[in-house]
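The values are calculated or read from the model by the stated rules, or taken from the named source; none is laboratory data. This is a predicted model, so every value here is computed, not measured. As a convention, Cβ positions derive from the backbone with ideal geometry for all residues, glycine included, and neighbour counts pool all protein chains shown.
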Amino acid sequence: MAVVDREGLVVTANTALGRVLGIAPDRLAGRPVGDLVDLASDARTWQAYREVLSGRQARLNCTRRIKHPDGEWLWVQLTLTPLPEDEQALLLSVKDISARRELQAKLRHLQMHDAVTRLPNRTLFFERLSTALEAEPYDEAGTGRIGLCYLDLDGFKAVNDTLGHRVGDLLLAAVAERLNRCADEAGYARMATPLVARLGGDEFALLVENSTGTEQLAELAESVLKALRAPFDLSGQRLSVSASIGVVERQASGTTATGLMQAADTTLYWAKADGKARWTLFDPERNAHRMTRQALSSTLRPAIERGEFALEYQPLVSMEQGDVRGVEALVRWNHPQFGTLAPNRFIGLAEEDGSIVQLGQWVLATACRQARTWQLEHPDVPPVFVSVNVAVRQVWDSDLVADVAAILAETELAPHLLQLELTESAVMGSAGRPLQALQALSDMGVRIAIDDFGTGYSNLAYLSRLPVSVLKLDGSFVRGFQYEDDGGSGAGHSGRPNPADEVIVEALIQLAHRLGLTVTAECVETSGQATRLRRIGCDTGQGWLYSRPVPPDRISELLRGAVRSVR
C-alpha cells in the first residue's frame with residue numbers, strides 16, 4: 001500500500017509495495033503513481049485516475065500488467081480511494097494477481113482447446129471467426145476477405161466401430177498434426193497462418209483470414225487431401241483415410257459466422273454427394289437451387305390446401321383420323337414466389353414427403369370432373385378419355401382402388417374414360433399389393449398405361465401378365481427418327497437421327513398389337529414423324545405437333561371444332 005497526494009505522487013509506501021514493484025520503499029516517495037503502474041498506457045484508465053485525483057470520482061479499480069526490474073511481467077490489481085481522515089490524501093492498494101491470472105490462462109486454454117488433438121476447439125474457432133468478421137475497418141495491409149476449408153473424414157465411424165475409440169483418437173491426433181503442417185506451409189510467406197480447429201467428432205476447419213481468393217483456398221484444400229492420402233501407422237495398425245472438404249471464400253464485410261458455416265456445411269455435403277475424397281467450392285447457383293428445393297418442400301402441403309395447383313391438358317390424337325381421342329392431365333403449381341412450376345420441379349419432392357397422395361387425389365378428382373364436364377357440354381362428339389399420372393407411392397400409401405371408385409361415382413364418369421399412367425419401372429416391378437390394385441382397377445374398366453415405355457426394365461415377357469391396355473413410347477425413340485420429308489435433317493429434335501429407333505418402334509408396335517394393346521407415341525413434333533408413325537401402325541400421338549398442354553377451355557374449343565366438322 002501507499003499514501004498518495006492529490007498530485008498523484010507517493011507520500012509513503014510499505015515494504016510489500018516495494019517488493020511488488022522491485023523498488024525500495026524509501027525510494028518510492030515522490031514518484032508518480034501513474035508511472036509506477038503504467039496507468040497512462042490506457043486512455044480510459046488514465047482519465048478515470050485523473051478524475052479520482054481531482055475528487056470528481058470516488059474510486060478507481062483496474063488491472064494492469066507491469067514489468068518488474070528483474071524482467072518478469074506481473075499482473076496487479078490496483079485500487080485508489082480517498083482517505084477518510086485526510087481529504088488531501090488517497091490510499092493506493094496494489095495486489096499481485098499473477099498466479100491467479102496464470103491459472104485463469106491455463107483454464108481458458110483447457111476450455112478453448114480439444115483434449116484429443118490439442119487444437120483450438122469449436123468455442124475458440126467461433127471466437128476467432130467472429131473477431132475476424134467484426135474487425136472493421138480492416139488493416140490497410142489486409143484483403144478484407146475470409147476463407148474456410150470445412151472437412152470431415154470419410155469412413156471415420158468404421159474405424160471407431162471396428163478398432164475402438166483409442167485408435168480413433170490416435171487417428172484424430174495424427175490428422176491434426178498433418179493439418180497443422182499444411183497450415184504452416186500455407187502460411188509461409190503470407191500474412192498469417194490458417195487457424196486449424198477441431199469442431200467435434202471427425203470435423204475440422206481451417207480458417208484463412210485475409211485470404212487472397214479462391215485459388216489460395218483451393219491450394220490449401222488440395223494440400224490437405226494430399227497430406228491425408230498417406231497411410232497412418234497407429235499402434236501397429238496401418239490405416240488409410242480420406243477427407244471431403246467444403247471450401248468457401250468471400251468478402252468478410254456483410255458475412256456472418258452463421259452464414260459462412262451454413263455455406264461451408266452445404267458445400268461439404270456436396271463434396272460427399274459427389275463421391276467423397278475431394279474438395280468442392282461453394283456455388284451460389286447450386287445453393288440457390290437447394291434453397292428453392294427446401295422452400296418448395298416446406299410449402300407443398302399448404303399449397304394443396306390453398307388451391308395453388310391447376311391442370312393443363314395435352315391432346316392424344318388418333319394417328320389415322322387425326323381427331324382428339326383423349327387428353328393427358330398435367331399438373332402445374334402456381335407458386336406465389338416462383339411463378340408457374342412444371343411437374344419436374346415438385347413431383348419428386350411430393351413423393352419424398354408423402355404429399356403426393358393428397359396431390360394425386362386432387363389431380364384425379366379434378367381431371368375426372370373436367371372430363372365429365374366436356375362430355376356433358378359436347379354430347380355430339382365421342383367423349384374423350386382423361387389420362388392421369390399415378391405415382392407408385394399412391395398405390396402403397398393409399399387405397400387407390402377405393403379412391404378411384406369414389407371419384408368415378410361422384411363425377412359420374414364412365415370407368416373406360418379414365419386412363420391411369422404409371423412409369424415402366426414401377427409397373428414392371430409390380431408385385432403383391434401394387435399388382436392387385438392394378439388388376440382391380442382394370443377389372444373396374446379403368447385403362448392402365450405404361451408411361452415412358454422403353455426407358456426402364458423393358459421386360460417384354462412380363463407384359464402379357466400385367467393388366468395393361470396402353471403403351472406410351474418414350475419420346476427419345478421418336479426424336480431419333482429420320483424422314484425424307486424432313487429433309488433428312490432430323491428437324492424438330494437435336495442430336496443425330498438413329499435409324500435403329502424406327503426398327504425398334506415398329507417391332508414394339510407389332511408386339512403390343514399382338515398382345516391386344518394400343519400404342520401412343522410421345523413427343524411427336526414434326527409431320528414427318530407423324531407420317532412414319534402412322535405408316536408403322538401407331539395408334540395415337542401426343543406432342544407439340546398437335547398441341548402444347550393447354551387450359552381446359554382450349555380443349556373445349558377443339559371439341560367444338562370437331563362438332564362443326566362433323567356437321
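Observations on the model:
- Boolean, GLY236 is within 15 Å of LEU148 (Cα to Cα) and of a type outside the set (Ser, Thr, Tyr): no
- Among the candidates VAL388, VAL392, VAL384, VAL401, residue that is touching a Phe, Trp or Tyr at 6+ places or on another chain (Cβ under 7 Å), β-branched (Val, Ile, Thr) and touching a residue at least 24 places away in the same chain (Cβ under 8 Å): VAL384
- Which listed residue, of SER242, SER318, is within 30 Å of VAL381 (Cβ to Cβ) and either in contact (Cβ under 8 Å) with a residue 60 or more places away in the chain or of a type in the set (D, E, K, R) (or both): SER318
- Criterion applied to LEU78, LEU21, LEU74 was being under 27 Å from ARG101 (Cα atoms) and touching a His at 6+ places or on another chain (Cβ under 7 Å), and the one residue passing it is LEU74.
- Candidates ALA115, ALA105 - the one that is exposed (fewer than 12 other Cβ atoms within 10 Å of the Cβ), in a loop (DSSP other than H, G, I, E, B) and free of Cβ contacts under 8 Å to residues at least 40 places away in the same chain: ALA115
- Where a residue in region 144-159 is closer than 21 Å to GLY275 by Cβ and its partner, wherever it lies, is crowded, with 24+ Cβ neighbours inside 10 Å and basic (Lys, Arg), with Cβ under 6 Å and at least six apart: none
- Selection over region 17-26 of residues that are surrounded by 14 or more Cβ atoms within 10 Å (Cβ to Cβ) and without any contact (Cβ under 8 Å) to a residue 24 or more places away in the chain gives a count of 2.
Residues are listed down the side, and each one gets a yes or a no for (1) in the same structural domain as VAL317 (by TED's automatic domain parsing); (2) at pLDDT 90 or above; (3) closer than 25 Å to VAL327 by Cα:
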{"site": "ASP486", "(1), (2), (3)": "yes, no, no"}
{"site": "SER489", "(1), (2), (3)": "yes, no, no"}
{"site": "HIS493", "(1), (2), (3)": "yes, no, yes"}
{"site": "ASP501", "(1), (2), (3)": "yes, no, no"}
{"site": "VAL505", "(1), (2), (3)": "yes, no, yes"}
{"site": "ALA530", "(1), (2), (3)": "yes, yes, yes"}
{"site": "ILE536", "(1), (2), (3)": "yes, yes, yes"}
{"site": "ASP539", "(1), (2), (3)": "yes, yes, yes"}
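- Residue that is farthest from ARG332 (Cα to Cα), among those in region 513-565 that are more than 41 Å from the chain's Cα centre (by Cα) and basic (Lys, Arg): ARG514
- Cβ pairs under 6 Å, 6+ apart, first in region 204-230 and farther than 17 Å from LEU133 by Cα, second part of a helix (DSSP H, G or I) and among the basic types (Lys, Arg): ALA227/ARG178
- If only residues of region 503-552 that are under 20 Å from LEU463 (Cα atoms) and among the small types (Gly, Ala, Ser) are counted, the one that is surrounded by the most Cβ atoms within 10 Å (Cβ to Cβ) is ALA521.
- Under the condition of being more than 21 Å from LEU83 (Cα to Cα) and either touching a residue at least 60 places away in the same chain (Cβ under 8 Å) or outside any loop (DSSP other than H, G, I, E, B) (or both), the residues counted in region 27-62 number 4.
- Count - residues of region 145-165 that are surrounded by 16 or more Cβ atoms within 10 Å (Cβ to Cβ) and over 19 Å from ALA176 (Cβ atoms): 3
- Flag if GLY168 is more than 25 Å from LEU260 (Cα to Cα) and either without any contact (Cβ under 8 Å) to a residue 40 or more places away in the chain or assigned to a strand (DSSP E or B) (or both): yes
- Subset of region 231-254 (residues that are part of a loop (DSSP other than H, G, I, E, B) and either out of contact with any Leu (no Cβ under 6 Å at 6 or more places or on another chain) or surrounded by fewer than 17 Cβ atoms within 10 Å (Cβ to Cβ) (or both)): PRO231, SER235, GLY236, SER240, SER253, GLY254
- The one condition from (1) closer than 22 Å to ALA221 by Cα; (2) more than 22 Å from the chain's Cα centre (by Cα); (3) of a type outside the set (Val, Ile, Thr) that LEU316 does not meet is (1).
- Of all residues in region 63-92, those that are surrounded by fewer than 15 Cβ atoms within 10 Å (Cβ to Cβ) and in a loop (DSSP other than H, G, I, E, B) total 6.
- Selection of region 257-282 for residues being in contact with a helix residue (DSSP H, G or I) (Cβ under 8 Å, 6 or more places away or on another chain) and outside any helix (DSSP H, G or I) yields ALA277, ARG278, TRP279, THR280, LEU281, PHE282.
- Positions within region 178-217 being more than 28 Å from GLY168 (Cα to Cα) and under 24 Å from the mean Cα position of the chain (by Cα), in sequence order: GLY213, THR214, GLU215
- Residue count, region 516-547 (criterion: of a type in the set (D, E, K, R), part of a loop (DSSP other than H, G, I, E, B) and more than 14 Å from GLY475 (Cβ to Cβ)): 1
- Qualifying residue in region 150-157 (condition: among the aromatic types (Phe, Trp, Tyr), at pLDDT 85 or above and in the same structural domain as TYR269 (by TED's automatic domain parsing)): yes
- Within region 92-144, considering residues that are in contact with a Phe, Trp or Tyr (Cβ under 9 Å, 6 or more places away or on another chain) and basic (Lys, Arg), the one modelled with the highest pLDDT: ARG100
- From the options LEU217, LEU199, LEU207, residue that is in a helix (DSSP H, G or I) and touching a strand residue (DSSP E or B) at 6+ places or on another chain (Cβ under 7 Å): LEU217
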